[in-house]
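Shown next, in structure tokens, is the structure this report addresses.
The values are calculated or read from the model by the stated rules, or taken from the named source; none is laboratory data. Remember, it's a predicted structure, so these values are computed and weren't measured experimentally. Here the Cβ is made from the backbone with ideal geometry for all residues, glycine too, and neighbour counts use every protein chain on show. For accessibility, only protein heavy atoms count, side chains too; no ligands or nucleic acids. Shrake-Rupley method; radii C 1.70, N 1.55, O 1.52, S 1.80 Å.
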Amino acid sequence: MTEPIMEACRRAGVSGILCSLSLLCVILDLQLDCILGATQVEIEHHLEMGRKLLAAGQLAEALSHYHSAVEGDSKNYLTYYKRAAVFLAMGKSKSPDFLAARLQRGNILLKQGNTQEAMEDFEIVLQRNPESEEANDQLKRTRELEELQEDAHEAYHRVITISPWDPELRELRADCHIRMGDPQKAIQDLAPTTRLRNDNRAAFLKLSLLHYSLGEHHDSLTQIRECLKLDQDDKDCLGHYRQVKKLSKQLDYAEELIEEQRFHEAIEKYESVMKTEPNTLHYTNLAKERICFCLVQEKMALEAIDACSEAHQRDPRNAYILRDRAEAYILNQEYEKAVEDYQEAREFDSDSNEIREGLEKAHRLLKLSRKRDYYKILGVGRTANKQEITKAYRKLAQQWHPDNFQSEAEKKEAEKKFIDIASAKEVLTDPEMRQKFDQGEDPLDPENQQGGGGGQGAHGWPFHFNPFESGGSFHFKFQYN
């Protein structure tokens, strides 16, 4: 493997640095092997059970499964993060798991050549624990590798500047970019080689694979078709073409279903995507993200929270997932959590008007919930239809009608509740008023009425009518509308 490297060095007139880089690329190509104390199947089982139990609020049981996962794979930083999440939920904010996870992830990133991200992890560990010898040592190694990479990149630039039409040099640098975790730069180097070599099917295949790994399935399909134009029977290109074509068709159709608001069918199609391509992280993450979105659109609050939480674990910096989970929390009337998710989403996408407006809405709903929440007053969900709302209203109105109480104190308390119940029914059965309330505005709040007059009487009864001002002789009668 070192012969073409040395030959390229001799032809370009650059020896030491370039050869060092090529050898570095070989080293960085080593696979990370972990010696597991349990089988991978068992670890995956513990992680899945921990996720489900955490979503169900069964923290102690979830913690037990995450303990087992950490013991089975102590080198996997994700198991530490997940166990730490349970500790946080249990109020144990000083769990050491986050630091252990950061250290393990930093080690992995360093071996992959991702020096910037590795350096961030080691620095965070040292901020919390300045005495960590391992973090200090690894930080020094990361800085050394970063300097070597900078020197090597400069050397490659010089070499290709001298010999820009040499496809072998570009292919070598592309391989090094791949091993150092920069597929976009590898694509930039490989693209010219398809024109610099006759019948360069290998380059078209590699370009297609790189685009595929990045989630760019349309570009991947374009490149693999170029390979088949050169030889329609090429075994490797034909096999990959069939895979890309099938996956691309599923993804495009799933998005068409979403545009047509056929969300349930879109969920099924994205589940098929995960079966077609279970090994490429981008497509699994995308499918989880879009399933989360569809469940929110279907107003399946609990299922959406569960799906969005899993998607967030896989892709914690995805603002769209946080936005969708915030909307699921709103559906479930968990407004504080909705505000938290929208705030975090805003950190990752500060320019999004949709996220800004969503955060404002969540704040309004949280404020309203601390005053008067019409859904909670009637004990119905935010997706309740008019029939369910009317049924809940009748039941509560019968229970809290003041004629059912004897003492003046009890009557006064019942009157207040009865007014709230009637107000809730009035708002939630009127489509326009309900839409305003769902956007965080109380249509019966005098502060929200133009001119300061308001739609309520002096005692909070809507439309200036209070049945209890007639000296107590009022008798309640239901309106079955």
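In the set (1) assigned to a helix (DSSP H, G or I); (2) farther than 25 Å from ASP234 by Cβ; (3) open to solvent by 40 Å² or more (accessible area, probe 1.4 Å); (4) in contact with a helix residue (DSSP H, G or I) (Cβ under 9 Å, 6 or more places away or on another chain), GLN188 fails one condition alone, (2). Residue count for the stretch 391-426, restricted to those that are touching a Lys or Arg at 6+ places or on another chain (Cβ under 7 Å) and under 24 Å from LEU368 (Cα atoms): 3.
For residues in the stretch 155-184 being part of a helix (DSSP H, G or I) and free of Cβ contacts under 8 Å to residues at least 12 places away in the same chain, which is surrounded by the fewest Cβ atoms within 10 Å (Cβ to Cβ)? Here the answer is THR161. Taking the condition basic (Lys, Arg), in a helix (DSSP H, G or I), at pLDDT 95 or above and open to solvent by 70 Å² or more (accessible area, probe 1.4 Å), does ARG195 pass? No: the conditions fail for ARG195.
Applying the condition of being without any contact (Cβ under 8 Å) to a residue 60 or more places away in the chain and open to solvent by 60 Å² or more (accessible area, probe 1.4 Å) to the stretch 377-397 and asking which residue is nearest to ILE330 (Cα to Cα) yields GLY379.
Within the set GLU260, GLU289, GLU327, the sole residue that is open to solvent by 80 Å² or more (accessible area, probe 1.4 Å), over 17 Å from TYR212 (Cβ atoms) and free of Cβ contacts under 8 Å to residues at least 40 places away in the same chain turns out to be GLU260.
Among the residues of the stretch 141-150, are any surrounded by 15 or more Cβ atoms within 10 Å (Cβ to Cβ), in contact with a Lys or Arg (Cβ under 9 Å, 6 or more places away or on another chain) and not small (Gly, Ala, Ser)? No: zero hits.
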